[in-house]
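Working notes, beginning with the structure itself.
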Amino acid sequence: MRIQNNIAWITGASSGIGEAVAMEMFKQGATVVLSSNEVAKLKEKKAWFDSVEKGRCYVIPFDITIPDEILQAVAKVKQLVPRIDILVNNAGVSQRSYAMDTLIDIDRKIFEINFFGAITLTKLLLPWMVDSGAGHIVVTSSMAGKYGFRMRTAYSASKHALHGFFESLRAELYHRNINVTLICPGRVQTDISLHSLKGDGQQYGLMDKGQQQGVPVSACARIICRAVEKNRKEVYIGTSEVILLVIKRICPPLYYWIVTKISPT
Ligand SMILES: NC(=O)c1ccc[n+]([C@@H]2O[C@H](COP(=O)([O-])OP(=O)(O)OC[C@H]3O[C@@H](n4cnc5c(N)ncnc54)[C@H](OP(=O)(O)O)[C@@H]3O)[C@@H](O)[C@H]2O)c1
């Protein structure tokens, strides 16, 4: 699938990976629908897109933890564009707290944003996509969706859950011309650590050293667009994080040891 002339709906488009993917897809000729919870940030992004070319960017703000808002967002999108070719389920929040220090409500909140938000939107959009005869669903998982990591218990669990759901969905949609790509980034240079939740639900508010040294976000976005074009099933983005995944596969005991040593920040 070429990105050009397609219509892409990107959640979590107000910052980081979602914003970069929206820019890359727009640059490659797609029409983009930007969503997040922050109206002002989205309007700012739209102004930039409109200054490049008017009529190829729409904004639909909604809170991905509120099913009614998702329902209304889908209804609005149906009025704005003839179809959605690419849905990028990217909105997410990370965690910076040990399990013992994390309130169960915060574990649930992380699941509501990272897992239930993505599957609710997908399930509401899917009948329309199926009727259109084709589509591509992209899911921003994480390396933490492939292996556990300190201070990421609920985050890692929510990302693992995405794999179970969307791998099963891919098999269900095989004969309906709808593809699924799971993206597993390691550390990417975004503000994700600043926005991460502590155990009491407060924002962590710090830029982690690991984050700062991550893959540039524009490079990550280009890899994601290429993965859509090539219909990749699963993509790993990172450096030492990808090596650790290989180690987990070929020598699990070494992974069990290394993962206790790596700094979670
Ligand atoms: N950066 C990394 O190193 C990394 C690594 C692996 C995976 N990922 C994944 O990549 C995705 C994007 O992360 P990022 O690095 O770009 O972080 P980010 O800059 O913090 O972006 C997170 C996005 O999610 C949106 N969001 C959060 N809660 C929401 C809610 N309740 N309703 C609607 N939107 C909500 C935010 O929008 P508002 O705040 O405007 O609502 C923002 O646009 C996430 O799923 C993350 O888990 C990132």
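Assorted remarks:
- Just one of the listed residues (Ile64, Ile119, Ile113) is part of a loop (DSSP other than H, G, I, E, B), closer than 27 Å to Arg187 by Cβ and touching a helix residue (DSSP H, G or I) at 6+ places or on another chain (Cβ under 9 Å), and it is Ile64.
- Qualifying residue in segment 34-56 (condition: buried (at least 20 other Cβ atoms within 10 Å of the Cβ), in contact (Cβ under 8 Å) with a residue 40 or more places away in the chain and not in a loop (DSSP other than H, G, I, E, B)): yes
- Qualifying residue in segment 182-189 (condition: of a type in the set (D, E, K, R) and within 9 Å of the ligand (Cβ to nearest atom)): yes
- Segment 194-209, subset within 19 Å of the chain's Cα centre (by Cα) and of a type outside the set (S, T, N, Q), residue surrounded by the most Cβ atoms within 10 Å (Cβ to Cβ): Leu197
- Any chance Gln202 is more than 10 Å from the ligand (Cβ to nearest atom) and modelled with pLDDT under 95: no
- Tally, over segment 207-265, of residues that are in a loop (DSSP other than H, G, I, E, B), of a type in the set (D, E, K, R) and either in contact with a strand residue (DSSP E or B) (Cβ under 6 Å, 6 or more places away or on another chain) or closer than 20 Å to Gly148 by Cα (or both): 2
- Boolean, Lys54 is of a type in the set (Lys, Arg) and either within 19 Å of Val138 (Cα to Cα) or under 19 Å from the mean Cα position of the chain (by Cα) (or both): no
- Meets criteria (in a loop (DSSP other than H, G, I, E, B) and of a type in the set (Lys, Arg)) for Arg83: yes
The values are calculated or read from the model by the stated rules, or taken from the named source; none is laboratory data. Treat the numbers as computed from the prediction; the structure is a model and nothing was measured. Positions of Cβ are backbone-derived with ideal geometry, glycine not excepted, and every protein chain shown enters the neighbour counts.
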